[in-house]
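Input: a single structure, listed below in structure tokens.
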Amino acid sequence: MMLKVNNLSKVFMQGQDSINALSQVSFALESGQSLALVGPSGSGKTTILSLIAGLDQPTTGTVEINNTQLTDLSEKQLAIFRAKNMGIVFQQFHLMTHLTALENVSLPLEIQGLVSDIQQKASEMLDAVGLQDRKNHLPHQLSGGERQRVAIARACVAKPKILLADEPSGSLDTQTGLKIMDLLFATAKDQGSSLVLVTHDLQLALRCDQQIHLSGGKIVSNTTNMHPIIRS
Ligand code: ADP
Ligand code: MG
């Protein structure tokens with residue numbers, strides 16, 4: 001298994017109140033497979049993704065990626081593990097505003113300590129997402145769709161074992177959003193990366209091999225496609 005989520009719970013404290021964002025969530029994802037997390041706003045989708053990414057700690061439960069338990073890693077080890085094994089795409093792109101497209105895409109390679117060929121690899125990845133003419137642009141000089149292409153290039157440049165995407169087309173118009181999703185599915189497939197996709201869109205969810213529906217921080221159904229729709 002590429003990803004094992006065991007009994008994950010997350011309680012947020014807000015003043016006197018405790019919010020049960022996730023309750024006893026368990027699921028697994030095989031290598032190279034894709035999984036959609038679907039559910040209404042506030043159902044815990046982003047919380048799951050941040051816990052899988054190790055950006056936040058669970059109240060109880062564990063996340064295992066490629067046989068490594070995230071809680072066994074120090075902050076520094078986790079940063080390196082993330083750069084080597086994970087690619088993350090957010091709805092709001094989260095690019096470094098003062099860095100060019102090429103520099104943004106170079107970052108994960110620098111974090112994992114690569115010394116040679118960084119520029120070359122980042123440059124090839126930008127070619128692959130169709131941004132050969134935008135390498136030296138800053139994020140504010142790019143359209144929303146182009147920014148998300150940079151974010152996908154950054155997420156994929158280190159050929160991660162697992163890609164995490166939180167509503168990646170959520171802030172784009174329908175046409176651009178569809179192109180971005182095609183690109184994400186195609187890149188994941190090319191690289192053999194597993195994909196965890198958070199989405200509101202049921203059609204999009206059906207393009208994944210597995211769909212988990214969440215409500216109030218709990219899993220209400222976990223379905224695997226008998227006949228997965230051919231992607232890309
Ligand atoms: P979704 O991504 O499905 O819209 P979230 O995972 O963002 O849902 O949120 C799940 C629940 O946890 C919501 O009730 C939300 O208000 C709450 N929540 C999320 N993050 C925090 C936080 N940092 N502090 C307090 N409550 C939070
Ligand atoms: Mg969310």
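Bear in mind that the values in this text are calculations on the coordinates, not laboratory data. Only a predicted model underlies this, so the values are computations on that prediction, with no experimental measurement involved. Cβ coordinates were reconstructed from backbone atoms using ideal geometry, including for glycine residues, and neighbour counts include every protein chain displayed.
For this structure, a couple of remarks:
- Mean ellipticity per residue at 222 nm, deg cm²/dmol - from DSSP H runs of n ≥ 4 across the chain, formula -39500 (n - 2.57): -10000 deg cm²/dmol
- For the chain, the relative contact order works out to 28 percent when only alpha carbon pairs closer than 8 Å and six or more residues apart are counted.
- Count Lys and Arg as plus one, Asp and Glu as minus one, and take only other residues whose Cβ is under 14 Å from that of LEU3; the net charge is then 0.
- Hypothetical label at GLN77: residues of segment 1-35 whose amide nitrogen lies under 20 Å (7 Å Cα-Cβ projection): 2-6
- Using 0.36 nm per residue and subtracting the Cα-Cα separation, the extra length available between LEU206 and THR62 on full extension is 49.1 nm.
- Taken about its Cα centre, the chain carries a charge dipole of about 160 debye when Lys and Arg each add +1 at the Cβ and Asp and Glu each add -1 at the Cβ.
- The count of lysine pairs in segment 93-182 with alpha-carbon distances below 20 Å, taking only pairs 8 or more places apart or on different chains, stands at 5.
- Stokes-Einstein translational diffusion, segment 128-232 - Kirkwood Rh over all Cα pairs, 1.567 mPa s, 4 °C, in µm²/s: 87 µm²/s
- With the charge dipole of the chain set up from +1 on Lys and Arg Cβ and -1 on Asp and Glu Cβ about the Cα centre, the Cα lying farthest toward the positive end among the listed residues ALA28, LEU206, GLY145 is that of ALA28.
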